[in-house]
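Undergrad: Following this message is one structure expressed as structure tokens.
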2 protein chains.
Amino acid sequence: MSETSGRYRHRTADATVTLTLDGQPLADREVVLEQTRHKFLFGCTGFELVDHANGAAADPDAAARNADLWEGLFNFATLPFYWGRYEPVRGKPDTERLLKAARWFAERGHPVKGHPLAWHTVTADWLLDLDNEEIARAQVERIERDVSAFAGAIDMWDVINEVVIMPIFDKYDNGITRLCRDIGRIPMVRMVFDAARKANPTATLLLNDFDMTAAYECLVEGVLEAGIQIDALGLQSHMHQGYWGEEKTEAILDRFSRYGLPIHFTETTILSGEIMPAHIEDLNDHVVDSWPSTPEGEARQADEIERHYRTLLAHPSVEAVTYWGMNDAGMWLGAPGGFVGVDGTPKPSYHRLHHLVNEEWGTPSTTLATDAEGRLRFTGFLGDYTITAEGRRADVALVEPGEARVEAALG
Amino acid sequence: MSETSGRYRHRTADATVTLTLDGQPLADREVVLEQTRHKFLFGCTGFELVDHANGAAADPDAAARNADLWEGLFNFATLPFYWGRYEPVRGKPDTERLLKAARWFAERGHPVKGHPLAWHTVTADWLLDLDNEEIARAQVERIERDVSAFAGAIDMWDVINEVVIMPIFDKYDNGITRLCRDIGRIPMVRMVFDAARKANPTATLLLNDFDMTAAYECLVEGVLEAGIQIDALGLQSHMHQGYWGEEKTEAILDRFSRYGLPIHFTETTILSGEIMPAHIEDLNDHVVDSWPSTPEGEARQADEIERHYRTLLAHPSVEAVTYWGMNDAGMWLGAPGGFVGVDGTPKPSYHRLHHLVNEEWGTPSTTLATDAEGRLRFTGFLGDYTITAEGRRADVALVEPGEARVEAALG
């Protein structure tokens, strides 16, 4: 049974389910309770399953095993919409393949987030041939087109990424930096949010950044003062230079939760190998031939994963964590940051998080008894449950923390 | 004659003055031209002259020499309005003394800026006894009272200081941080600017910060998007950890000039002694028994002062530089950052800046000749000039760069 003590109280409900079978209370009977889904979004990139979802994996067996591993930990996927890769040739977007991938997740009940709709990195090179007004128009049209095309399959978007640095990014020339420098950060945010909102009014729209300083606070405050509706705030958390620790993480949560917005920890990476030196400012500057996962690193990673997820679940503002790559294979910068090694073997961190999500915080198949009035009492993490008895089944959802009184008919 | 070549072209005018005496053109005559005031604001703290202006200096002769030295370099003063010192007991503000000081400068033609009206540091301790609504009211009333009382003598204010860090400042509890954290940075800026604007609609109102990162950009963009009118942007430039150099200074100017606002370099400090170690984050943490000015340091300071002022004058957005203390005696942190040593002797930096301001960029008393139509042609830095001939005098002002055609009657 799940851990529901003080620290995670806001994640749980005390349920009283009145169970009926054919209209009669199912009194004094053993039933089996199981949580089938967390309300909390345990997310990960779904990039590694796009080929699988399209039936195009090079090694279908390995891909299927990978999909199983993925679903063992996660219930929320992020799919890639980097403009430069999604539409390298103007007018030829990679829609069908991504749509299949999004539907693969959606059909399994996993919400999908698209990442990102506007960003200065990996943006379309062909923007450089346009003037700023044309870039703005292309950006808006791209958002309207893609957000509309994926509505239903993808109803959550990182609308714009890394706006703090966007207008002063100086590694290379690109159309989005040009435009943002020209019109300013807030008009840029307004433009892309307006386009996304128009294309899918019910979507959850995020602002996402890696800058955890006062700069992002100032940006958020400016955006909110300007009346732009942000549905959730994305905080990137690549920890290639070492796990942040509880104190830093809690200080960040403390600062960014004061806007009253739901928080998504996005792009979380915790290494199971050597840590990147602290003096490196742009993580992209760290280029190494090989970056192995090590036994000591894997033990440390498992501990840090546990500490990090405990810290995040303990904070009421956090609604999602998106880990940035389940597999070491294909990971950004070649870093050993996955839950699964390059040979496809789950690391200790995989087992640790699996235990937390499915055992400590989840409710695996458990036999309980109803009382004389057919009532079943349990405390569990918010999410979806099934109750089975007599070969029949009822579905129950715990949506809000606190007391939950539910009636459920075995069907 | 002043240096007016390309780099400072925007600071100069090509004047054609038609000079008359008793209604007749003063043809083919020698006249004496002299610049009496720069339009550019060469500023400094005036803290060190407050006692002198009040006739209360402990050593009146030394104070008078100091005042002469001050006027040898500067034409613009900043006076202290730190709330905790200005009104340590609620309802007992230090108005009269500061008003005398402000008038002393104003009577000599030097505009005065008050610094600051709202800041979390050196703020009034008694705010801690109030709730946030009362703090807000006290802050607004303080601004309205003081800006009104000084109008005419002080028509320029650092309205609010260091807003980027204000709500997350964690060195000690204070009423302004509490309030700013509660209501947010932009509403805080709006509140204090509204109060200052109401009390003196024609005043020049500044936002001032030491944070030169994207955080200050984001704050400025948020404030401007929110429709708050900022008259000039203050960029602090304490260089206790070493002169920034042209490249960094120009990069900062490049980033902060894109809002189209006049820029004031405020709180400029360049040392003539040992440099503070780079690892110190809050300059206040560097506490030393003695921090002497050294011969090598003084030579270096003179060069860096020249480079810095040249960089700033070359940028068209910069309207003012405020040096943060002419005298080593009494300087913030005990740093040897003044133009005048503790014994009252001007350092090489004093002579260097004096030459730049008064010779290279100024027009010291110069004999010129009018042509057959009584016209006098010269190129000079913007500001005020006198022309004397026949024991009579005319005043001429060069206000805008470019061609200036002026008529002037010797009076």
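Undergrad: Looking at (1) under 22 Å from the mean Cα position of the chain (by Cα); (2) surrounded by 16 or more Cβ atoms within 10 Å (Cβ to Cβ), which is the one condition that is false for A:L376?
TA: (1)
Undergrad: Follow-up question, since we're still on this one. (1) within 14 Å of chain B (Cβ to nearest Cβ); (2) assigned to a helix (DSSP H, G or I); (3) in contact (Cβ under 8 Å) with a residue 40 or more places away in the chain: which one isn't true of A:K198, the others all being true?
TA: If we test A:K198 against (1) within 14 Å of chain B (Cβ to nearest Cβ); (2) assigned to a helix (DSSP H, G or I); (3) in contact (Cβ under 8 Å) with a residue 40 or more places away in the chain, just (1) comes out false.
Undergrad: Still on this structure: Can you name every residue in the range A:396-411 that is touching a residue at least 60 places away in the same chain (Cβ under 8 Å) and either in contact with a helix residue (DSSP H, G or I) (Cβ under 6 Å, 6 or more places away or on another chain) or part of a strand (DSSP E or B) (or both)?
TA: A:V396, A:L398, A:P401, A:G402, A:E403, A:A404, A:R405, A:V406, A:E407, A:A408, A:A409, A:L410
Undergrad: Could you grab me the full set of residues in the range B:207-226 that are more than 15 Å from A:V223 (Cβ to Cβ), at the interface with chain A (Cβ under 10 Å from one of its Cβ atoms) and of a type outside the set (D, E, K, R)?
TA: Quick first cut of the range B:207-226, residues more than 15 Å from A:V223 (Cβ to Cβ) only: B:207-213, B:216.
Subset that is at the interface with chain A (Cβ under 10 Å from one of its Cβ atoms): B:211, B:213, B:216.
Hits for the range B:207-226 are B:T213, B:Y216.
Undergrad: Go through the residues of the range A:308-326 one by one and say whether even a single one is surrounded by fewer than 23 Cβ atoms within 10 Å (Cβ to Cβ) and more than 18 Å from the chain's Cα centre (by Cα).
TA: Within the range A:308-326, not a single residue is surrounded by fewer than 23 Cβ atoms within 10 Å (Cβ to Cβ) and more than 18 Å from the chain's Cα centre (by Cα).
Undergrad: Right, another one. Any idea which of (1) touching a Phe, Trp or Tyr at 6+ places or on another chain (Cβ under 6 Å); (2) of a type in the set (A, V, I, L, M, F, W, C); (3) surrounded by fewer than 20 Cβ atoms within 10 Å (Cβ to Cβ) is the one A:F210 doesn't satisfy?
TA: All conditions are met except number (1).
Undergrad: State yes or no: is B:E246 away from chain A (no Cβ under 14 Å) and in a helix (DSSP H, G or I)?
TA: Against the criterion (away from chain A (no Cβ under 14 Å) and in a helix (DSSP H, G or I)), B:E246 qualifies.
Undergrad: Output the number of residues of the range A:350-384 satisfying the condition of being among the charged types (D, E, K, R) and in a helix (DSSP H, G or I). Write out each step before concluding.
TA: If we filter the range A:350-384 for residues that are among the charged types (D, E, K, R), which is where we start, we get A:352, A:359-360, A:371, A:373, A:375, A:377, A:384.
Applying the additional criterion that residues be in a helix (DSSP H, G or I) yields A:352, A:359-360.
Count: 3.
Undergrad: Which residue is farthest from the other protein chains (Cβ to nearest Cβ), if the candidates are limited to the range A:167-194 and must be in contact (Cβ under 8 Å) with a residue 60 or more places away in the chain and closer than 14 Å to A:I143 by Cβ? Step through it out loud before you land on a result.
TA: Within the range A:167-194, the first condition is being in contact (Cβ under 8 Å) with a residue 60 or more places away in the chain, and the residues that meet it are A:171, A:180, A:188, A:192.
Going one step further and asking which of them are closer than 14 Å to A:I143 by Cβ, we end up with A:188, A:192.
Details: A:M188: 10, A:V192: 15 Å.
Result: A:V192.
Undergrad: Please specify each residue of the range B:159-172 satisfying the condition of being outside any strand (DSSP E or B) and not hydroxyl-bearing (S, T, Y).
TA: Answer for the range B:159-172, where residues must be outside any strand (DSSP E or B) and not hydroxyl-bearing (S, T, Y): B:E162, B:V163, B:V164, B:I165, B:M166, B:P167, B:I168, B:F169, B:D170, B:K171.
Undergrad: In the list A:A320, A:A314, A:A302, A:A278, which residue meets the criterion of being touching a strand residue (DSSP E or B) at 6+ places or on another chain (Cβ under 9 Å) and either within 27 Å of A:P116 (Cα to Cα) or not hydroxyl-bearing (S, T, Y) (or both)?
TA: Answer to the selection: A:A320.
Undergrad: Looking only at the range B:253-303, count every residue that is hydrophobic (A, V, I, L, M, F, W, C), part of a helix (DSSP H, G or I) and within 14 Å of chain A (Cβ to nearest Cβ) and tell me the total.
TA: Matching residues across the range B:253-303 total 2.
Undergrad: Quick one: would you say B:G260 is surrounded by fewer than 19 Cβ atoms within 10 Å (Cβ to Cβ) and either out of contact with any strand residue (DSSP E or B) (no Cβ under 6 Å at 6 or more places or on another chain) or farther than 26 Å from B:E304 by Cβ (or both)?
TA: The answer is yes for B:G260.
Undergrad: Can you tell me which condition B:Q236 does not meet? The list is (1) within 14 Å of chain A (Cβ to nearest Cβ); (2) under 20 Å from B:F40 (Cβ atoms); (3) not hydrophobic (A, V, I, L, M, F, W, C), and all the others hold.
TA: (1)
Undergrad: Please indicate, with yes or no, whether at least one residue in the range A:49-69 is crowded, with 21+ Cβ neighbours inside 10 Å and touching a strand residue (DSSP E or B) at 6+ places or on another chain (Cβ under 6 Å).
TA: No, that holds for no residue.
Undergrad: Moving to a separate point now. Are any residues in the range B:50-67 out of contact with any Gly (no Cβ under 8 Å at 6 or more places or on another chain) and under 20 Å from B:L353 (Cα atoms), and if so, which ones?
TA: Residue satisfying the conditions is B:A67 alone.
Table: residues versus (1) charged (D, E, K, R); (2) free of Cβ contacts under 8 Å to residues at least 60 places away in the same chain.
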{"residue": "B:R258", "(1), (2)": "yes, yes"}
{"residue": "B:L261", "(1), (2)": "no, yes"}
{"residue": "B:G273", "(1), (2)": "no, no"}
{"residue": "B:M276", "(1), (2)": "no, yes"}
{"residue": "B:S293", "(1), (2)": "no, yes"}
{"residue": "B:H308", "(1), (2)": "no, no"}
{"residue": "B:D328", "(1), (2)": "yes, yes"}
{"residue": "B:A335", "(1), (2)": "no, no"}
{"residue": "B:F339", "(1), (2)": "no, no"}
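Undergrad: Just one of (1) closer than 29 Å to B:D254 by Cβ; (2) free of Cβ contacts under 8 Å to residues at least 40 places away in the same chain; (3) part of a helix (DSSP H, G or I); (4) not acidic (D, E) trips up B:Q229, so point out which.
TA: Answer for B:Q229: the failing condition is (3).
Let's see how each residue does on (1) surrounded by 21 or more Cβ atoms within 10 Å (Cβ to Cβ); (2) assigned to a loop (DSSP other than H, G, I, E, B); (3) within 23 Å of the chain's Cα centre (by Cα):
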{"site": "A:G152", "(1), (2), (3)": "no, yes, yes"}
{"site": "A:W157", "(1), (2), (3)": "yes, no, yes"}
{"site": "A:V192", "(1), (2), (3)": "yes, no, yes"}
{"site": "A:V220", "(1), (2), (3)": "yes, no, yes"}
{"site": "A:V223", "(1), (2), (3)": "yes, no, yes"}
{"site": "A:L235", "(1), (2), (3)": "yes, no, yes"}
{"site": "A:Q241", "(1), (2), (3)": "no, yes, yes"}
{"site": "A:A251", "(1), (2), (3)": "no, no, yes"}
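Undergrad: Working only within the range B:345-373, note down all residues that are touching a residue at least 12 places away in the same chain (Cβ under 8 Å) and over 22 Å from the mean Cα position of the chain (by Cα).
TA: B:P364, B:S365, B:T366, B:T367, B:L368, B:A369, B:T370, B:D371, B:A372, B:E373
Only the coordinates and a few stated rules stand behind these numbers; no lab work does. Keep in mind that what you see is a predicted model, and the values were worked out from it rather than measured. Cβ sites come from the backbone with ideal geometry, for glycine too, and all protein chains shown count toward neighbours.
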